[in-house]
Amino acid sequence: MKLPDTTAEQVEVGRSRREVVPRTTHADWAPASDRPDPIEVLTASNEGRLDELVPIRFGRMAVSPFTFLRGSAAVMMADLAAVPSTGLNVQACGDCHLMNFGLFATPERNVMFGLNDFDETLPGPWEWDLQRLAASIVVAARDVRLDDARAMAGAAAAVRAYRERMWGLAAMSPLEVWYDKIDLQRALEVAPDRAARERREQLERQARKRVAENLFPKIVTSEGGHLRIADQPPLMYHMPDLTEEAAMGFLDTYRASLSTDRRVLFDQYRFEDAAIKVVGVGSVGTRCFVALFTSAGGHPLLLQVKEANRSVLEPYVGMHDIAHNGERVVVGQHLMQAASDIFLGWGTGPGGRDFYVRQLRDMKVSVTLVNDPKFIVRYAEFCGLALARAHANTGSAAAIAGYLGKNDKADQSLAQFGLAYAEQTERDHRALVEAIDSGRIPAIMETA
């Protein structure tokens, strides 16, 4: 949609979209009569994955409605594509559930909060991200035994924070929006009470421990004088067909994606080994490697090399003008994240598979929710703030703000949607469990 030049005119464009999609319509959710079978959607999404890992994916999704939601972005995007959209697009995350937010390190080694998963990113409707976030908050709150009123309060808090921040961002210049960030140090300073401050201090300490130097001795062993990643099947193991020649060929393509200064830094490390590492819920089955490098002084570098497939958004928003899915993920991350990993890049592996690369861990921490209504609301607010900045960087903050307005109508409508879709997620989760119990699909249930 072509937008006018002035902020005031863009606000009016957003406000006019209420005539097409009233804010109250977001409260409604009912599956269409021809809604695709969610199990068939999930099975189709296994195309190209490693067959031996697919049962682990389904086993993790079967644990709870929340783990199901985390692994079923394809199901939810199909659902959202079937309802009216405002037509205001941004660089969308595509898998915007609350566990895809968290802490991460800036190149200056500060700790920030924001989105940290971009596997599905593509330009698309801003509201799809906000709807998925609201639903995930309700599902997660139910998972920790909070009642529906408190679960919806968390979802409404996320939308309110997003809406109010979008009005603030609408008044900024593009450069000011680009520089906007949620710095954990600032979050500590404005903590509302002692308990919140202590929780945030604990998260910062946890983040600063999640670095390669601490992980290195846990996953690396020495064999015949050579460093090697220790096999820990079925979650970490070597692929017989991953030769050193193939690895070096991939690294050449990855290196070419880096800026000149980052190449100089990368060249100071020598490749040692690489192994498959099973990660997440929705990503299980895709080819994800941990690659070990060392410098001349023996200092370790651990990179995550993750396969990038077609986005779950693509069937509904069209193909991106970037053909390489690894590059698509990297560009989307740069657009949506206030600061990104210095080793973030992409490359092409054997068989023409697309991958992207980033440091493994590097102070990345996701928050674990607890049965604490105040904490749920505060965390939801941080997610809403971070998402607003991510969207305003590529979309019209003024138009989105104009659509959402200055009262709580959108907040309450999207919270109501979150509850309705949480109930849909629970039904879909039961369908998955039944499919596993009947033998329709294989699953491996992991033990703690």
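For the chain, just give the cysteines left without a disulfide-compatible partner, judged by no other Cys Cβ under 4.7 Å.
288, 383
For region 1-74, what is the convex hull (Cα atoms) projected area averaged across all directions, in square nanometres?
On the way: hull surface 34.3 nm².
Approximately 8.6 nm², given one-decimal rounding.
To two decimal places, what compactness ratio does region 337-448 give when its Cα radius of gyration is scaled by 2.2 N^0.38 Å? Show your work: numbers first, answer last.
Numbers: Rg = 20.2 Å, N = 112, 2.2 N^0.38 = 13.2 Å.
Ratio of Cα Rg to 2.2 N^0.38 Å: 1.53.
Rounded to the nearest 10 Å², what accessible area does residue 253 show when all protein chains are kept and the probe is 1.4 Å?
Looks like 50 Å² after rounding.
Taking a threshold of 21 Å on the Cα-Cα distance, which of the pairs 181/277; 277/364; 2/409 fall above it? Walk me through the intermediate numbers first.
On the way: 181/277 31 Å; 277/364 16 Å; 2/409 27 Å.
In this structure, 181/277; 2/409 exceed 21 Å between Cα atoms.
Residues of the chain: accessible area per residue at 1.4 Å, in Å²? List each step's numbers first, then the result.
Values: 19300 Å² over 448 residues.
Computed with neighbouring chains in place, this is 43 Å² per residue.
Roughly to the nearest percent, how much of the accessible area of region 276-389 is carbon and sulfur, given a 1.4 Å probe?
Values: 2050 of 3810 Å².
Answer for region 276-389 is 54 percent, counting heavy atoms of protein chains only.
Which cross-chain or sequence-distant (5 or more) residues have an amide H under 5 Å from the amide H of residue 346, H modelled 1.01 Å from N in plane?
Result for residue 346 returns 257, 357.
Would you mind telling me the share, in percent, of accessible area of region 96-201 contributed by carbon and sulfur at probe 1.4 angstrom? Please list the in-between numbers first.
On the way: 2050 of 4050 Å².
Looking at region 96-201 in its full context, I get 51 percent from C and S.
P(r) for the chain, please, calculated from all Cα pair distances in 20 Å bins and given in %.
Computed distribution, short to long bins: 25, 58, 17, 0.
Is it possible to state the helix-based mean residue ellipticity at 222 nm for the chain, with each DSSP H run of 4+ residues giving -39500 (n - 2.57), the sum divided by total residues, to the nearest 500 deg cm²/dmol? What is it? Before the final figure, lay out the partial values.
Numbers: 18 runs with 211 residues, N = 448.
Computed ellipticity for the chain at 222 nm equals -14500 deg cm²/dmol.
Compute, for the chain, the length of the dipole vector about the Cα centre, with Cβ point charges of +1 (Lys, Arg) and -1 (Asp, Glu) only. Units Debye, rounded to 20.
Computed charge dipole of the chain: roughly 1100 debye.
Expressed in nm to one decimal, what extension gain is obtained for the pair residue 202 and residue 183 from 0.36 nm per residue of sequence separation less their Cα-Cα distance? Walk me through the numbers on the way to the answer.
Working: separation 19, 0.36 × 19 = 6.84 nm, distance 1.50 nm.
Full extension from residue 202 to residue 183 adds 5.3 nm.
What does the convex hull of the alpha-carbon atoms of region 153-263 project to on average, in nm²? Show your work: numbers first, answer last.
Numbers: hull surface 53.0 nm².
With the hull built on Cα positions only, its mean projection is 13.3 nm².
The values are calculated or read from the model by the stated rules, or taken from the named source; none is laboratory data. None of the values given here were measured: they were computed from a predicted structure. Counting neighbours? That spans all protein chains shown, and the Cβs are built from the backbone with ideal geometry, glycine included. Accessible surface areas use protein heavy atoms only, side chains included; no ligands, DNA or RNA. Shrake-Rupley method; radii C 1.70, N 1.55, O 1.52, S 1.80 Å.
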